[in-house]
Structures are given as C-alpha cells and as structure tokens.
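This report refers to the structure that appears directly beneath it.
The values are calculated or read from the model by the stated rules, or taken from the named source; none is laboratory data. The model shown is predicted, which means the values in this text are computed figures rather than measured ones. We place every Cβ from the backbone using ideal geometry, glycine too, and count neighbours over all the protein chains shown. These area figures cover heavy atoms from the full protein model, side chains too; ligands, DNA and RNA do not enter into them. Shrake-Rupley method; radii C 1.70, N 1.55, O 1.52, S 1.80 Å.
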Amino acid sequence: MSSSPSTSLPVSPSPPPCSPEDIAAEGLKPTEYAEIVKRLGRHPNRAELGMFGVMWSEHCCYKNSRPLLKQFPTQGKRVLVGPGENAGVVDLGDGLQLAFKIESHNHPSAVEPFQGAATAVGGILRDIFTMGARPIALLNSLRFGSLEDARTRRLFTGVVAGIAHYGNCVGVPTVGGEVAFDPAYGGNPLVNAMALGLMETPEIVKSGAQGIGNPVLYVGSTTGRDGMGGASFASAELSAESEADRPAVQVGDPFLEKSLIEACLEAFKTGAVVAAQDMGAAGITCSTSEMAAKGGVGIELDLDLIPVRETGMVPYEYLLSESQERMLFVAQRGRESELIEIFHRWGLHAVVAGTVIAEPIVRILFQGQIAAEIPAAALAENTPLYHRELLTEPPEYVRQAQAWTIAALPPYTQEGIIVVGQSQTWTEILLRLLDVPTIASKRWVYRQYDHQVQNNTLMLPGAADAAVIRLRPQLDTTQTPDTLVKGVAATVDCNARYVYLNPYEGAKAAVAEAARNLSCVGAEPIAVTDNLNFGSPEHPVGYWQLAEACRGIAEACSELATPVTGGNVSLYNETLDAAGNPQAIYPTPVIGMVGLIPDLSKVCGQGWKTEGDLIYLLGQSDPSRIGLGASEYLATIHATIAGQPTLIDFDLERRVQLACREGIRHGWVRSAHDCAEGGLAVALAEACISTGYGAAITLEKEDAQRWDELLFGEGGARILVSVSPEFQSAWESYLHHQLSDAWRVLGAVGSADGFLEMRMTGQHPLINARIGDMHDRWQGSIERRLSV
Amino acid sequence: MKFGIVVFPGSNCDRDVAWVTGGLLNQPTRLVWHEETDLADIDVVVIPGGFSYGDYLRCGAIARFSPVMQATVAHAAQGKWVLGICNGFQVLTEAGLLPGALVRNRGLNFVCDRVSIKVEQSRLPWTQEYATGEVITLPIAHGEGSYYADPDTLKSLEDRGQILFRYCTRNGDMTDAANPNGSLHHIAGICNPQGNILGMMPHPERASDPQLGATDGMRLFQGLLSAALALSA
C-alpha cells in the first residue's frame, strides 16, 4: 500500500437508487435515505448504505437523545476528558487519573445471553484501555424479568456466566453492581457493564486522526462475519423473530483481549501512536469515520490488507462486521514496525491497512476498486437529529399512579396487616421482603465473578454500599505499602420503578442514591457515567420518559457536583408481543458514579461492627417526606405499582452525605448503610445480616403515620450508621451543627446471632426477627428460585 | 531469595504475586516471559493464576509445552522450589510435575470466595510457619479446581504426606458442604514426594497484604524465606 492517495483508481460509477427494502433492512427511514443522497450527491452503493445504516443508528449517532444529553453538566475541576472520547477521565490527584465508562449490551444479551454479556465486558474494557488506562475494576447493572419464568432463568444464568467468563479470564475484578428483577424486563433484559481504569501512559490517548500520510494500523483479532450490523440491531425493537438475528451477536475471546490490553498499553508508551479507537459497534466503519471526522482529516483503508477469519467476504461484510478485540491506530510515519513487533510478541495481528489523507473522506478500497467513498462528517458528525414533541402533561398511566393514595391499602394493626384476606405480622412482611430477589443477597451472582484479582479489592461484594478499590499503579515498582493511601469507590444505581412513575424525580433519585452509596463507604462523589435504557423515542410516552429523566439527571448532577463524563444510550428496549404491540421496559437510566477515597484506612462497610455500638438514622425527620408511593413494599406485598416516589431534597442530601463522610473520616462512624428499597426495616435487617449482629431499635411514630410507612417507607436521604459509645458526644455535637434535627438515635447493636427488634417505648415489638431466619431468607432467595 | 514469576500471555495473577514477593517482602523478583529458557538466577519459580494460553482446550494443556515450562522442569529436577497457584497448579499437573488433574467444579460454576483450609502438616518450608492442623482462610477463584486422581495415586499422596492443604469447615471438619469444588479427599494443595514442588488452588498472594485485611497466605512465603535464611546461615 503506497502512502499517496489513490485517486488514480477507477471510481465506481454512480450506483442506481437503493430499493425501499434495502433501505429498510439497514434500519433507515426513507427521509434519511433522501438525506444520504443529498450528502453524497448521488445514490449510495450497497456497502455505503450499510455504513450509513449503522452510523445513523441511535446507538452510534444519538439522533433522538443528543438534544437531551446537551443539558448534562460536563465540566468540573477534576474532569480531564468529558463526553465524546472512548471514556471519561478524571483527576484523582498525586498523578493518578481514572478513566471510566458504562455501556449496554441489552439486545445481544436477549438473544444470546452468554456471548451478549461477555462482549459487553470486552467492549467496555476496550473503551478504557484505548485511552491508555489499565482496567482495574468492572461493575454491572442487570435487569431481568421474574425468576419464576423459565426463559428469564436461562437469560439470567447465561448473562452471569458470560460476564464471569470474560471478566475472570481477562483478569479484571468484577467488584460490584446491581441486579433487579421485574416482569417489565421479561422480554428485554438489560445488561450494562461499567469499567474503571488507571491511566498508565504519560498522555491520554485520543481518537482524532492526525498527520497526513501517517499510516493507519489495524491491530488485534481477525475480521469475520460475526456481529454483522449489531448497532442497527441494537436500535430496533425485539420481536419473536429477533432470535433469527443471532448472527448480529458478537463472539468474544477474553484471552485475546488480555493480550490486546498489554500490547496496546505497551504500544502507547512508545509514543509512536498518534490516535487510537476501539472497533466496537459498526467496526471498521465507525472507527475510520469517527477518527477521521474528529481529526478533520480523511482515512483511506484497503480491505485487502485486513486479516480475515473467513474467505469470500464482500466490502459490506468487512465494513459492518463487529468481530471483537480489534482496534484501529494512527501511527507516526516510520514507526510502524516498532508497533507491529509489539503486537506480534503478544501473538496478535498488526498490519498497516491505510493512510491518513487530507481530503476529509473515508475511502474504502477493495480489490483495486473504490468500494466506498463518503465524507467522514456525513457518517460521524453531520448526522440526523430529531427534536421530538414533548407531551405537555404526564401520560395517562402516570396520572393514574398519582391518583393513588395510601387509603387504598387494607386494614392494619400494630401486629400486622391483612394481605389478600390473610393477616401477616410485620415480621413476616419483613421476611418476605428480604426474600425478594431484587433485595436479597446477590452472592449467587458475585461468587461467579473473580472479584479479587489484581490484589486491590478493599471491600468485597455485598459488604458495603459501594465497591472500594485501592489505587496501585501496577507497573510502578517504587510503590511501598506506606505510599498507597488512595482508593476509588464505584457504584451503579437506578430504581426504575421510581423512574417509571415519575421520570424526573426518579432520575434525580438515581443520582442521589449513587452519591449516597459512595458516601456510605467514605468516598467523595466525583463524576458520573450514565446508561440510558429506554423504550422507543418514537412513541410519545417513551420520548417523554427519556426527556424527563434527562432533565432530572442534569439537575441532580449539577446539584451534587458530579458532572457526566460520558455514557451510553440504549433505546428501543421494547418487545413486540404476538399482536405486534410494543411492550416497553421501565425507563432505566442507570447511574454509574465514581468517588475518591483520600485515605484507605477510613472506609466503612454496611454491617454492624461491635455489640453496644449506637445506631443513628441520618436524614429526613419529617414523616410526611417518607412514603410508600412507588415502594418495594407496595409492589411486593400489595402487588401495586402506583403512587409517587418521595421528592429529592438536594440540600438535605448534601448535608447528610457530608455528615456520613466526615463521621467516617474522623473514625466515629463504624458502619454506614443507606435506606433504599424496603425502607428502614430492610436497611436495618441488611446491617444485621451483613455481620451477624442483632439490633434493638426504638421507634417514634407520629399519630397520623401508619406502621407500614414507618417500617417500609422509602426516601428521605436516609443513612443508617453505627458509632462506638466512646465517640457519642463528639459525634452528636457534630450532628447538631451539621444536620440540626435531621438525625436521631435509633438504638444499639445487639449480640452476635441475636435478633432485630423494633418497638415503640414500652410496647411489644413490631418486628422481632432472628438474624439466622433473616439470613436464610435473604441468602438463599435466588438459588431457591433457580433450583426449580 | 529470588522469585521468578512466569508470565504466559493469559496469566493474570503474575503482578499480584510480584507485589507480595517484591513489594511486601522486598525480595528480588523477576517476571519471566513464557518464551524464556534460562532460569539459573531464580530460586523460586512461581506459576501464577490466570488462563495461560486461553485454556480453551484444557487448563494448562498447551502451557506444558512452552519453553519456560521445559526450563521449570529442569529447575525442579535440581531440587529447587516451584510453586503453582490456581492455573499454575493446573499447569504443573499437565506438565507431570504433580500427579492428578484439576477438573470442572462440581457445581459447574466458577467460584470466587474465601474458604477455610486445613494445614495438614508443617514439616516443609511451605507450611513451616503454620501449625499442623491449623485452619486458615484463603481466597479461591476458579472454574476447574476439583482435584481428581485415581485411588492408587490418592493413597500414595496420603501415605507419603503429600497433601498439604485441604478444604474444611471453620472448625476443621471435612464436610461435603465445606468442599467448594468437589475435590477428592478435599484436596486444595499437594506437593511432590521431595517437597520442592507445591501446587494449590487457593491464592495465598491474595491473603498477604495487611491493607486488604487478610494475611493468612503470607506465612507460606515467609516459610520459604525462613528456609532460605536457615540454608545460608
């Protein structure tokens, strides 16, 4: 391949118009086809049409969501790289820089759970190491239908095995995440993977191609027909026929990825790499056009030079293949062989397959002909944008939910409540909630993930409200145990039922909960990566949910000073039923948040530490601001999805979280756990189960308040902490100052293997549960349902 | 005492071991690329956890043919120390340096957990810092860690005291529930008859750093150092 532009080659004659069937097959609309013809000044050929099809999909160009994403705050004193690159990067001080990003693989996982989930992990890891960062942690956020359903069990076990397969082999610990089950995800599970990496190269590697005449290197694995058109596939509803799209699911090779990580980081350190981009969605098409467009240059690429795993492929297949573990580099001219040698040492392909050219086009050569020639900007920047009409008032289902009041609940007493004609004690209700798979232990899941490799996992999964990883540059041999003081905490959160019933407040709650979870381990929340999992934006309700949720995220991220550094949008999460009616998932904007731990000796788990420690509840003290609307109690015990989530009070949220972090930093607070699904009673139970200590709790109730509101009401920025009696006065005087009356003493930690007792002063306990019983319900919930 | 830690392309615990031997114990430590053949400078060869060459065929089945393994066999034949952890144990059995095989976990799933391990004897450097019969806690992380050998081999391992570690309950009982992968005779780690080669599924290097809260694995490395000191004294 010569480095001079190949303008002397025969230009293919202007192709005939594409058929409506071909246009539709690429997921393009007739109006979009007209735009393509306008941008090209001619009709596209089949390969070019395919390139537009993937690049103009929602997955690649955010044509529906871009106007909404613009409102996110993206600047902050720690932000080094914001949205637009492969991953965001934040500054943690002392020369430590953290790259992080979240990505979805929902549709592939619905069709082929094992590989769909495995390649979710592979894809997000490439986003991280493409920046020059060594991946140090993985998290995932998963949604499935009900475990009573056999198909859900197959999807769930397949997804977990796929994540385990890839993450374990590649040697990056999977340290945290969330799994929720709801019939809303029965046909369309969600698989979101988040990765964190510590910058290892002196400079952050960007993706804009530069330097006319510089060689373009293809590195990594070979190209095959697997994963054809995955990006378009991801941007359409799932239907009964989607199973036939299984070829659109990629197949991952974690061993190759492990080698690719090492080879890429080594290559970046030579200084010979000008730019790099992972070949993820839309493979060669996306990487060439985005690198060219970002650099304001063009790229000419010869498909005949691409290493392949099968013969007879046509340009369309090369260009749309989503074969995994591949990257595109722009190298400094003359230093190609240096880079190629590194990749060969790791047993990987590396070839010069193209050149950076001045003309801002992507030109694809195949067998001596120009197979495609498109302005890079038309593929990657000047893409369609849809400003959709926003509903002027909430949709019908929300208005109905708003009309729900607590008066609709059955009669109750201090002993319990009548559920479907049967009286149940509050203790029985608590045990039932602990058995709900969404609340119950996820041990069955995380036990399959290697969560300790790399020797930096400070908080094991299940032990704390967020994952905590020690920051230890792996190749720096000058490190000693004394110099390792900083850590990073990470979490993924979203209560989608809140978002469904009130997208704006629910999205705010997701951000607030993520920050609260970080604060509970002692970390200062820093920045966000978001994964917007929604239904079709072409439906007014779907677009309203998306728009309202984006407004909520923007406000919350700005209020909590956690800018968004990137993320992923996954729309069309709908299943077409047999009658062709779309069934959308709950709108699920998953918030991935990272926080800084300045001193690793000052972190907290969620379980009680010592008998006799005092238990405090920080947060909302006004019972009217804590409610059962949208709660787990309402959904599980009363089969009611209604009401409204409680409103987020950002001022209270900030003050409570700061109090928690300061308490941990001073060494006063020995455990911290936020009150989420299931309210105070479930949070107390979890703190008991976690380390096996009981608790004796004295409740206070206002006359108008119901017992179930008191026990299971949600919201209110509440955090449970335990404090040694020796620090009582220092801690309480700090609380008076910091929180005025937004806290109270609840009781004390009880004996090991004891009871959780909750009572009003001088009365019989409302809740009296043996730790062992709670533990059994909670621990075995998922396994019991899988062993059907 | 110089540690050489073998690096296959798919090794992923190599740096974890190096952090313990080099970073925490301040011993000279060198990463040894799988194509290397000269181990003359190394006292202890460590084959770390990971997936050697992908392990798509059978764990360690390809690794045994690597240049570095030929050198390791020679190193072991001189009576020098060889430690295989997790994938390293699998490689040692494939290479014939230790008997038996590691097969798919009984529950079929990968298991990452902390488990109780009984130290069966403490006469060798590997275990001399522990008490015989002591129950320690070590992390495990494997999909194919169920130890298998034919009855004669098992009997010979028992008779010669080659079983150094067994899975047990917190109280040291060998119950079925305390066996995380279905290993025969609850075997978690064995040595060769001479005692210079140890293979174990648990990860001592993941329980050696006080900052991470678990330290039961550190005494294994310290036992080696004590032995080296005793030799040089």
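Of note:
- Chain A pair-distance distribution - Cα-Cα, 20 Å bins, rounded %: 17, 49, 27, 7, 0
- With a 1.4 angstrom probe, the accessible area lost at the A-B interface totals about 2900 Å².
- Cα lying deepest toward the dipole's positive end in the protein assembly as shown, options B:19, A:272, A:681, charges on Cβ: B:19
- Inter-chain Cβ neighbour count for A:162-168, averaged per residue, equals 2 (cutoff 10 Å, partner chain atoms only).
- Antiparallel bridges, percent of DSSP beta bridges restricted to segment B:3-232 (to nearest 5): 55 percent
- Between residue B:225 and residue A:425, the modelled labels are 5.5 nm apart [label points 7 Å from Cα along Cα→Cβ].
- In segment A:78-119, the ratio of gyration radius to Kirkwood radius, Rg to Rh, stands at 1.23 when only Cα atoms are counted.
- Accessible heavy-atom area order of A:43, B:203, A:737, highest first, probe of 1.4 Å: A:737, A:43, B:203
- In this structure, the amide hydrogen of residue A:669, modeled 1.01 Å from its nitrogen in the peptide plane, lies closer than 5 angstrom to those of A:664, counting only residues at least 5 positions away or on a different chain.
- Note on segment A:42-184: Cα convex hull, mean projected area over all directions, 12.0 nm².
- Chain A, accessible area per residue, ligands and nucleic acids excluded (1.4 Å, Å²): 33 Å²
- The alpha-carbon atoms of segment A:456-571 define a convex hull whose volume equals 119 cubic angstrom per residue.
- Comparing the full protein assembly with the isolated chain, the residues of segment A:440-459 losing at least 30 square angstrom of accessible surface (1.4 Å probe) are A:447, A:448, A:450, A:451, A:452, A:453, A:455, A:458.
- Interface residues, segment B:102-125 - accessible area loss of 20 Å² or more versus chain alone, probe 1.4 Å: B:109, B:110, B:111, B:112, B:113, B:114
- Residue A:414 paired with residue B:65, simple spin-label distance in nm, labels 7 Å along Cα-to-beta-carbon: 7.8 nm
- Over 18 Å (Cα to Cα) - which of A:29/A:63; A:486/A:508; A:38/A:70; A:442/A:609; A:206/A:258; A:101/A:206 fall in this group: A:486/A:508; A:38/A:70; A:442/A:609; A:206/A:258
- Taking the protein heavy atoms of segment B:119-199 in the context of the full set of protein chains, the accessible area attributed to carbon and sulfur is 46 percent at 1.4 Å.
- Reach of residue A:77 by Cα under 19 Å, taken over aspartates and glutamates that are not fewer than 8 positions away in the same chain: A:85, A:91, A:94, A:203, A:524, A:555, A:559
- Surface accessible to a 1.4 Å probe, residue A:406 within the full protein complex, Å²: 50 Å²
- Isotropic mean projected area of the C-alpha convex hull, segment A:343-426 (nm²): 17.1 nm²
- Measuring how big segment A:153-224 is from its alpha-carbon positions, Rg and Dmax come out at 18.6, 55 Å.
- Centre-to-centre separation between the Cα atoms of segment B:7-42 and those of segment A:387-458: 49 Å.
- Sorted into 5 angstrom bins from 0, the C-alpha pair distances of segment A:255-412 split as 1, 8, 14, 17, 15, 11, 6, 3, 3, 4, 5, 5, 3, 2, 1, 0, 0 percent.
- What the Cα atoms of segment A:135-178 give is an Rg and a Dmax of 11.8, 36 Å.
- Percent carbon-and-sulfur accessible area, segment A:427-521, ignoring ligands, DNA and RNA, probe 1.4 Å: 49 percent
- Rounded to 5, percent antiparallel among DSSP beta bridges of the protein assembly as shown: 75 percent
- Summary of the geometry: segment B:47-70 and segment B:117-168, compared by the centres of their Cα atoms, lie 23 Å apart.
- Whole-number D in µm² s⁻¹ for segment B:3-232, Kirkwood Cα-pair radius fed into Stokes-Einstein, 25 °C, 0.890 mPa s: 143 µm²/s
- Interface residues, segment B:200-228 - accessible area loss of 50 Å² or more versus chain alone, probe 1.4 Å: B:206, B:211, B:212
- Reported to the nearest whole Å, the Cα centre-to-centre distance from segment A:568-626 to segment A:293-323 is 41.
- Taking 0.36 nm per residue of separation and subtracting the current Cα-Cα distance, fully stretching the chain between residue A:29 and residue A:403 would add 130.7 nm.
- Share of carbon and sulfur in the accessible heavy-atom surface of segment A:61-174 [1.4 Å probe, %]: 50 percent
- Fluctuation leader among B:82, B:115, B:17 - chain B, Gaussian network, Cα springs under 10 angstrom: B:115
- Using a probe of 1.4 Å, the accessible surface attributed to residue A:63 totals some 20 Å² when neighbouring protein chains are kept in position.
- Probe 1.4 Å, protein heavy atoms only - accessible area per residue of chain B in square angstrom: 36 Å²
- Bins of 10 Å from zero: percent of alpha-carbon pairs in segment B:96-233: 12, 43, 36, 8, 1
- Note on residue A:345 and residue B:169: their simple-model spin labels are 5.3 nm apart, each label 7 Å out from Cα toward Cβ.
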